[in-house]
Amino acid sequence: MSTGPNRIMDEFAKLMTDAAGAAQGVRREIETAFNAHAERWLNSLDIVKREEFEAVREMAIKARDENEALLARIEVLETRLSSKSK
C-alpha cells in the first residue's frame with residue numbers, strides 16, 4: 001500500500017478518472033434526450049425526410065419522362081392517322 005504524496009496522487013487520479021467517466025455518461029444522456037426532443041419537434045412540423053423527398057422526386061422524373069414519351073407516340077399516331085384520312 002502506498003503512503004504519503006503518492007497515495008494522494010493515486011487517489012486524485014482515480015477521482016479524476018471516475019469524474020471523467022461520469023461526465024461522459026451525462027453527456028450521452030443529454031445527447032439522447034436532445035435528439036429525442038429534436039426529432040419530436042421536427043415530426044410535429046410535418047417536415048418531409050430527405051429520403052422520402054428523393055423517392056418522390058425520382059418518381060416525378062420518371063412520370064415526366066413517360067409522359068414525354070407518350071406525347072411523342074401520340075404525335076406520331078396522329079400524323080399517321082391524318083395522312084391516312086387524306
**Message:** So Asp46 ticks every box in (1) in a helix (DSSP H, G or I); (2) on the phi > 0 side of the Ramachandran plot but one. Which box is left unticked?
**Reply:** (1)
**Request:** Scan the range 14-31 and give yes if some residue there is of a type in the set (S, T, N, Q) and modelled with pLDDT of 95 or more, otherwise no.
**Result:** no
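The values are calculated or read from the model by the stated rules, or taken from the named source; none is laboratory data. Since the structure is predicted, the reported quantities are computational estimates derived from the model, not experimental observations.
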